[in-house]
Amino acid sequence: MTSPTPRDLVGCPAAEELLARWIGLDAGTIGAASIARAVRNRMDALRLTEPAAAVDRALADPAERDRLVEEVVVGESWFFRDPQVFAFVARFVAARASLPDRGPVRILSAPCAGGEEPYSMAMALLDAGVAADRFSIDAVDVSHAALDRAGRAWYSANAFRNADLAFRDRWFQREGSLSTLDETVRRQVRFAWANLLDEAALATLAAAYDVVFCRNLLIYLTTSARAALERTLDRLVAADGLLVVGAAEPPILGGQWIPAGDGSVFALRRGIRTAAPVEPVRPQPRATSAPPTARADAMPATPAAPVTAAVPPAARSLDEVLREAGTLANARRFAAALAVCEAHARSAGPAPELFFLMGMVHQSAGDPDRAEGCFHKTLYLDASHDEALLALALLAGQRGDAVMAEHYRRSAARIHDRKGTA
């Protein structure tokens, strides 16, 4: 009896169900034929003739289950893939690492494939002058084979695809057709096996990271797996940290995540922090001889937006305005958020907190020039606003002004240090 061909195996529901349950894979994202080939490869290795037998073996044996996963995971990567992403994150980390009373900046790469991403980040930070003891990188993947490659740190020419390969001369030793990574970089990264959908496997990771790379994973997941991963990311990313995703993934993440830089860096941060919502002030109904009536079938399908226009802007506290503007910004209603801030500034006068929030909104909306103007206004009103200084450091670095970026970072560090000793 001959073994089934991959064409015969298309639509193997048992294998698709196993992979969906274990790693959240949506079979439609890679094609049923790819899963069929994976099953066929395991059948050949185990000398089995029935797909069901191969799936049963994977269900019964975790090691065999992992081998099936190895057949379908997409592990291709290369060094400094999307170099602008690493440049942006390096500026962010350098600003954090400059603060004197902070511990080392913590970074997570998940999934990390063969180590190209976390090693790229380590090289970028070392090249930026960040001391080795000021950052650490954890890197996890569901593929044992990928982690084995990362641990060896030997790479073929396929891992070097960028036009600028100066980093290879600095950090790699050429040995025939392979390049071996310098031990200085390797020491900065700690690799471990982990399935991001398995809570037990994540127990060894930090409670919160300053930066989490999770690129090009969400696009392969089922709807339920995406929801589970979003909950995991919510736990792993620090309240003021960065989440870096793939080019197609920002729209997948809604609600609490908004852009942290321009659209080309695919970096997100949590929405603007707001306190508990204030009960909206509604206009008092006019007295009438009899209350109006309305038929149930005439009611609007969705509740009307809260009415706040009846309250003069000056009558509202700054905290109320910041909460409302923050809520609008988190919903990506950037123009509306700015309008709320500007109206309050006109009626109640300027405030550093107001201009800082406006700067964050402009930054999220992709307007760095206006963002920079708002951060400067923040400092004009409050010269000790270290968050505005760090924001300016990031913007200066983004436009290539390394001298000014360093000036802002040092100023922020001095202020932060004074606040800590006050």
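Ranked highest first by average number of other Cβ atoms within 10 Å, how do 215-228, 112-125 line up?
Descending packing order for the listed peptides: 112-125, 215-228.
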- For the range 315-373, the Cα-Cα pair-distance distribution in 10 Å bins from 0, as whole percents, is 26, 59, 14, 0
- Rg in Å to one decimal, and Dmax rounded to a whole Å, for the range 12-72 via C-alpha atoms: 10.2, 29
- Most packed first (mean Cβ within 10 Å per residue), the peptides 159-170, 185-196 order as 185-196, 159-170
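Laboratory data are not the source of any read-out in this text; all were calculated from the coordinates shown. Everything quoted here is computed from the prediction, not taken from an experiment. Neighbour counts run over all protein chains shown; Cβ positions are idealised from the backbone, glycine included.
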